[in-house]
1. Among the residues of region 136-167, write down those that are closer than 14 Å to L92 by Cβ and of a type in the set (V, I, T).
2. Would you confirm whether or not region 175-188 contains a residue that is open to solvent by 10 Å² or more (accessible area, probe 1.4 Å) and closer than 17 Å to I69 by Cβ?
3. For region 86-101, which positions are closer than 24 Å to Q117 by Cα, open to solvent by 10 Å² or more (accessible area, probe 1.4 Å) and in a strand (DSSP E or B)?
4. Condition check: closer than 17 Å to D77 by Cβ and in a strand (DSSP E or B). Does I179 satisfy that?
5. Tally up the residues in region 144-155 that are free of Cβ contacts under 8 Å to residues at least 60 places away in the same chain and either within 27 Å of Y175 (Cα to Cα) or among the aromatic types (F, W, Y) (or both), please.
6. Does E133 meet the test of being over 19 Å from D200 (Cβ atoms) and loosely packed, with under 14 Cβ neighbours inside 10 Å?
7. Do you know which residues across region 125-161 are farther than 17 Å from L181 by Cβ and touching an Asp or Glu at 6+ places or on another chain (Cβ under 6 Å)?
8. Looking at region 116-138, which of the residues that are out of contact with any strand residue (DSSP E or B) (no Cβ under 8 Å at 6 or more places or on another chain) and more than 19 Å from Q190 (Cβ to Cβ) is modelled with the lowest pLDDT?
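The values are calculated or read from the model by the stated rules, or taken from the named source; none is laboratory data. Because the structure is a prediction, the values reported are computed rather than measured. So basically every Cβ, Gly included, is an ideal-geometry build from the backbone, and we count neighbours across all protein chains shown. Heads up: the accessible areas ignore ligands, DNA and RNA and are worked out on the full protein's heavy atoms, side chains in. Shrake-Rupley method; radii C 1.70, N 1.55, O 1.52, S 1.80 Å.
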Amino acid sequence: MKRLFLTAILGISFVAFGQDKPLSPEKVKQENRATAKEEVKVAAEKSEAEIALEQGKELNVRTASTAEIRSMSSATDAKFSPALGIEGNWELGMNPEQKEIILTGGTILNKSDVPTQKLRMMVYFADKGFSLEKPELIGNMYSFIDIDPIEAKGNKVEQSFITTWAIENMQPGTYYPYIILGEFNPQTNQFDLRDVKVFDNTITIP
């Protein structure tokens, strides 16, 4: 397969969040005993972000919004690279009011015996679906997030990533989203394309 490259994008602000470690079982028991009554009262008020943080996901606490636009990925894995890839079902959520895109996995899997370089996930919107049979870079990149290297035989599973729009304004319309996973190449100062995750349904920006 022809090798594709993604030029490193410089000078564009973005947001990346580290993973919060979940509480140990002993600590959870202590906290539950001390705050059981309060937990009952506030459980219904917890936001999606707060629940995700308690589960150790990479998600920044944000104001809950009912205006999010969501799309689910295809269950088919592209498998562009035998060593590094995006697998499973992913959800793409958009919050136009706060100019956020939230990616929730799914798995990023490193099958190699060595750690990866820095990774970058890029969100593209196109006016037609991405073809795994005849892959080509189509549409425009609207957001990206940098991810720390993954250790040898390691993975990131069911984590969420929040990133702000890489453009000032999102153009209204109906789009086919897809995600590109790139790995930094220190020799070329570029991100080599490693995998793609295609979404089955379109999203509509009002």
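1. I145, I162, T163, listed by residue number.
2. Within region 175-188, one or more residues are open to solvent by 10 Å² or more (accessible area, probe 1.4 Å) and closer than 17 Å to I69 by Cβ.
3. E87
4. So I179 passes the test.
5. So the count comes out to 0.
6. No; evaluated as a whole, the condition is false for this residue.
7. Selection gives A152 alone.
8. Top of the filtered list is E133.
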